[in-house]
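**Student:** Here it is: the structure, laid out below.
The values are calculated or read from the model by the stated rules, or taken from the named source; none is laboratory data. Treat the numbers as computed from the prediction; the structure is a model and nothing was measured. Here the Cβ is made from the backbone with ideal geometry for all residues, glycine too, and neighbour counts use every protein chain on show.
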Amino acid sequence: MASVQHNSQSADHGARHDSRHGTDRHPAGSAPGRAGHTGRTGAAARRDLAVRAAVAQGLISEAEPVLALLDVAGIRSSAAALRAAFDEVVAPGTAVLHAFAVKATALVPVLRLLAAEGIGAEVASPGELALARAAGIPADRTVLDSPAKTTAELREAIALGIAVNADNPQELARIDALVGSGGTTSPFGLRVNPQTGAGSIGALSTATATSKFGVALRDEGARAWVVQAYLDRPWLTRLHTHSGSQGLPLELMAEGVRALHGLAEEINAAAGRRQIDTLDIGGGLPVNFASDEETPTYAAYARLLKDTVPGLLDGGYGLVTEFGRSLLAKHGLVLARVEYAKSAGGRPIAVTHAGSQIATRTVYNPVSWPLRIAAYDAGGRPKSGPDVAQDIAGPACFAGDLLAENRALPLLEQGDLVAALDTGAYYFTNHYAYNSLVRPGIQGFTVRPRAGTDGADGVGGADGAGGIDGTDGVGDTDEVRFTTVRAPQTVEEIVTESGGAYADALLDD
């Protein structure tokens, strides 16, 4: 396996104003800008090594001009941080299931890796359930949530013994009929909407007055109906809420959980027993898209929950979480070649192969979803030189297909590389098929000492490049190893998906 050593230039990418946004507003604080080259972290050093190794090993090339990368060590570290944060605040012996929201990164190898790190799966469709099962995640570590479950989906989940959170009274009536027809090991819950308010991104706020999710708890008669629904169904033992995700303050998330806990206490008091034994508090921890710093942390959120809802964590209830973006976003990047470097109206434009098909949310809503961009030369080294305001354009046939507009970066040239950072969740796995552009290949990478070295001696490697300071855990005798997570899509596969086998279907007889 080839290895790559990083040159002495570093690449920490600071946040700068992007004039496309017209403001520094950002879901997690300031808008991101270029990735600069000071103040390395282990994750940033691994990223730079991986980019150079991808070039050296031909994973990114003229033939394969776009590539997605996943940092295995980073994913493991996030899973460990999540477990540790809640272990710190829950009473000893409390049953806790952290279920990854599969929609965030719907890849079987990722789910398998998370399962190895003690993380289950939250699924919201037959496809996501199939992915979780393919990853070997057992039924008792799987939770089904969806506002539109069919009877067939419910029947399958119940047959498998998967936990099910009903969304509404009509769905609960369907479950009544299915449960009445035979025994099941599935735990059942009901999703409620605490109607505590929206964050800065309305489309991702699920606790608004008119949200489509769950039973709207403050609507007239709704709370009484929920209490009675539990009293009528002794097998209904869970209660679920999720207030939203990116752009939602931690305090608003905690307020929704407090409302959930208060309702559970009310139901149990009315039942005269501990009928509700598990609270599913959803996920939604925001991600910082402005720098390499991982903030807010799981530990901060867990401490806030302990302060806001102490009864949640005292051992009286089991706990389920459903984090997604926060586990994966910081550990993925999309790497794309600059196919052409041109200019218009005096502004340079780097035309790349990563645009709306990869970063759909960023292209259509750049104010809410700006991305950091890192610039690399054709050899995969961090690009140096004075900042120049320029556009980073994608390949799709509309003018707004831009990863960044008027972004300050070293001037990009034909053959250089750009990396869209923090894209490990909801980007390259949520492909947008505009222009029938192929889905990129995805490689997981690990950085480990070269055989026969301790990885920290500062000695240059076999390919003769300069080194990275080994004090951050990444040394210049380290090698990068890649493993295929998803092969690049082929144009033949696009033809098949687009009805190629039925070419004559619409012709007259």
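**Student:** Go through region 90-102 and give me each residue that's touching a helix residue (DSSP H, G or I) at 6+ places or on another chain (Cβ under 8 Å) and surrounded by fewer than 20 Cβ atoms within 10 Å (Cβ to Cβ).
**Tutor:** Answer for region 90-102, where residues must be touching a helix residue (DSSP H, G or I) at 6+ places or on another chain (Cβ under 8 Å) and surrounded by fewer than 20 Cβ atoms within 10 Å (Cβ to Cβ): Ala91, Thr94, Val96.
**Student:** A further question on this structure: Can you go through Ala290, Ala336, Ala300, Ala269 and tell me which one is in contact with a strand residue (DSSP E or B) (Cβ under 6 Å, 6 or more places away or on another chain) and either surrounded by fewer than 24 Cβ atoms within 10 Å (Cβ to Cβ) or outside the structural domain of Pro187 (by TED's automatic domain parsing) (or both)? Steps first, please.
**Tutor:** Values: Ala290 fails: in contact with a strand residue (DSSP E or B) (Cβ under 6 Å, 6 or more places away or on another chain); Ala300 fails: in contact with a strand residue (DSSP E or B) (Cβ under 6 Å, 6 or more places away or on another chain); Ala269 fails: in contact with a strand residue (DSSP E or B) (Cβ under 6 Å, 6 or more places away or on another chain).
Exactly one of Ala290, Ala336, Ala300, Ala269 is in contact with a strand residue (DSSP E or B) (Cβ under 6 Å, 6 or more places away or on another chain) and either surrounded by fewer than 24 Cβ atoms within 10 Å (Cβ to Cβ) or outside the structural domain of Pro187 (by TED's automatic domain parsing) (or both), namely Ala336.
**Student:** Any residue that is buried (at least 21 other Cβ atoms within 10 Å of the Cβ), among the acidic types (Asp, Glu) and more than 29 Å from Pro109 (Cβ to Cβ) - is there at least one of those in region 141-153?
**Tutor:** no
**Student:** Something else: Quick one: Lys306 ticks every box in (1) surrounded by fewer than 22 Cβ atoms within 10 Å (Cβ to Cβ); (2) at pLDDT below 95 except a single one, so which number is it?
**Tutor:** Every condition holds for Lys306 apart from (2).
**Student:** Let me ask something additional. Scan (1) more than 25 Å from the chain's Cα centre (by Cα); (2) under 22 Å from Ile60 (Cα atoms) for the single condition Asn406 breaks and write down its number.
**Tutor:** Exception for Asn406: condition (2).
For every residue, the table says whether it meets (1) under 30 Å from Arg361 (Cα atoms); (2) modelled with pLDDT of 55 or more.
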residue: Arg439; (1), (2): yes, yes
residue: Arg450; (1), (2): no, yes
residue: Ala462; (1), (2): no, no
residue: Gly467; (1), (2): no, no
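**Student:** Among the residues of region 213-231, which ones are touching an Asp or Glu at 6+ places or on another chain (Cβ under 9 Å) and either on the phi > 0 side of the Ramachandran plot or assigned to a loop (DSSP other than H, G, I, E, B) (or both)?
**Tutor:** Selection gives Phe213, Gly214.
**Student:** Give me the pairs, please: first residue somewhere in region 377-392 and within 16 Å of Ala341 (Cβ to Cβ), second residue anywhere and surrounded by fewer than 15 Cβ atoms within 10 Å (Cβ to Cβ) and among the aliphatic types (A, V, I, L, M), beta-carbon distance under 9 Å, and either six or more positions apart or on two chains.
**Tutor:** Pairs found: Asp391/Ala344.
**Student:** Which one of these is of a type in the set (Val, Ile, Thr), within 15 Å of Val363 (Cα to Cα) and part of a loop (DSSP other than H, G, I, E, B): Thr429, Thr423? Working first, answer last.
**Tutor:** On the way: Thr429 fails: within 15 Å of Val363 (Cα to Cα).
Going through Thr429, Thr423 in turn, just one is of a type in the set (Val, Ile, Thr), within 15 Å of Val363 (Cα to Cα) and part of a loop (DSSP other than H, G, I, E, B): Thr423.
**Student:** Let me ask another. Tell me, yes or no, whether region 399-415 has at least one residue that is under 12 Å from Ile349 (Cβ atoms) and in contact with a Phe, Trp or Tyr (Cβ under 9 Å, 6 or more places away or on another chain).
**Tutor:** yes
**Student:** Tell me, which strands (runs of 3 or more DSSP E) wholly within region 53-150 include 2 or more residues that are more than 23 Å from Phe428 (Cα to Cα)? Before you say what the answer is, go through the steps one by one.
**Tutor:** Numbers: elements: 66-71, 96-101, 120-123, 142-144.
Where strands (runs of 3 or more DSSP E) fall fully within region 53-150 and carry at least 2 residues being more than 23 Å from Phe428 (Cα to Cα), they are 96-101, 142-144.
**Student:** Kindly provide the set of residues from region 411-438 that are farther than 12 Å from Tyr376 by Cβ and of a type in the set (Val, Ile, Thr), ordered by number.
**Tutor:** Answer for region 411-438, where residues must be farther than 12 Å from Tyr376 by Cβ and of a type in the set (Val, Ile, Thr): Thr423, Thr429, Val438.
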